[in-house]
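Participant: What follows is a structure written as structure tokens; I'll ask about it next.
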């Protein structure tokens, strides 16, 4: 049996990684060790063991080598926002000042990881007969376990995270990996930035997107010249060179939003991150900038389907954001917006006939919003030839066994009867064809 009291004392002396002690599973784990050590006056080992099991069962363990408790502890290490991880993730941060404390904490955390789930179960079962009035079935406690992820390839950033966890777990001395861990924080981030690559700004805070749209640039057919402008500007941004805010304008379904989301999937390994910001949250730019300004990653604020009605004035916040007010836009932040409306703010003939003395000033203020974007990229509605090319390309990617003439006929019918000609309509057609062929093969 482990000397559980010494493990409790060591964990409670954590310094840099002290936030870990506030985790519910860790608190329950400490309570259980206290019960095993005989220092808990009222807690019963069966109760404390079950509480830890319940909390770990809600976690996900993709590791084959570590149990649920060990995997959870590794997740906490990678996610923890502390002076060491924050300094490593911040440009110019001096993580070396916290290195000795981090090394000491890692030795302690390795000691906690060595109290693996099977050993704790054996010691718990051995302790149960010492408590009166226990039914026999309590000796059949289950092993601490977590959910296993579904099969299939993990997203690239989660694969990198898993590799780091495996590296730490396999190391004979965790403290020797402190420099390697600092490099991981610098590249991948810590806290929410270490776990996600896409985010949403909602209700005054940043939330991670667990399953961002997996669309890739290679999935997008047509508009290569148009898309190249967006890619080139993004690469300038990632390399630290001057780059422009961009407005992607065009008819619905032409691939504007998909282009921005595909940039994330192409360039996240180079530090690109995407933050979706609803237009009504643009007034909160100072708060958003405060979250992002001092980080190594480069962020695109993505405002989708942007437009304003004539009585809305939120566009004034966007104008200040694009050109900079008292608080300028951080160097690691760009704004990419998509819109079906070229001038963004709705204009009526009444605007031109207004009784306002300086009505043209007001009109020009509305019309000038789009000009505040450095680059406007136009996604026009495809002609018939381009539409057929997109349909054929998507069908080929999905290996649909249709003859070219047959596919052409269905594409022309689809564009006439449904949503016209657009990349979105092409994808919807190919979805329909793939479903029909699958039903036919299954006899449905």
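Every read-out reported here was derived from the displayed coordinates using simple, explicitly stated rules and does not represent laboratory data. Given the structure is predicted, the values throughout are model-derived calculations rather than measurements. Using ideal geometry, Cβ is built from the backbone for each residue, glycine included, and neighbour counts are taken over all protein chains shown.
Participant: Under the 0.36 nm per residue contour assumption, what length would be gained going from the current alpha-carbon distance of residue 111 and residue 418 to full extension? It would help to have the intermediate numbers written out before the result.
Facilitator: Numbers: separation 307, 0.36 × 307 = 110.52 nm, distance 6.33 nm.
That works out to 104.2 nm of additional length.
Participant: Averaged over every viewing direction, what's the projected area of the C-alpha convex hull for the stretch 4-191? Give it in nm², one decimal, please. If you can, show how the numbers build up before the last one.
Facilitator: Numbers: hull surface 44.6 nm².
Averaged projected area of the stretch 4-191's Cα convex hull equals 11.2 nm².
Participant: Given a cut-off of under 8 Å on Cα pairs at least six residues apart, what relative contact order in percent is computed for the stretch 384-442?
Facilitator: Reported relative contact order: 43 percent.
Participant: Hey, another quick one. Starting from the 7 Å offset along Cα-to-Cβ, what nm value, one decimal, do you get for the label separation of residue 210 and residue 39?
Facilitator: Distance between label points: 3.6 nm.
Participant: Moving on. Expressed in nm to one decimal, what extension gain is obtained for the pair residue 266 and residue 340 from 0.36 nm per residue of sequence separation less their Cα-Cα distance? Don't jump to the answer; show the numbers that get you there.
Facilitator: Values: separation 74, 0.36 × 74 = 26.64 nm, distance 2.49 nm.
Extra length available between residue 266 and residue 340 comes to 24.1 nm.
Participant: Something else: Using a Förster radius of 41 Å, what is the FRET efficiency between residue 244 and residue 65 based on their Cβ-Cβ separation? Nearest 0.05, please. Walk me through the numbers on the way to the answer.
Facilitator: Numbers: r = 47 Å, r/R0 = 1.15.
Working from the Cβ atoms, E equals 0.30.
Participant: What distance in nm separates the simple spin-label points at residue 18 and residue 126, each placed 7 Å from Cα in the Cβ direction?
Facilitator: That separation, rounded to one decimal, is 3.4 nm.
Participant: Using 0.36 nm times the number of residues separating residue 396 and residue 294, minus their current alpha carbon distance, what extension gain do you get? Working shown, then result.
Facilitator: Working: separation 102, 0.36 × 102 = 36.72 nm, distance 4.46 nm.
Result for the pair: 32.3 nm of gain on full extension.
Participant: Take the alpha-carbon centre of the stretch 25-80, take the same for the stretch 236-299, and report the distance between them in whole Å.
Facilitator: 39
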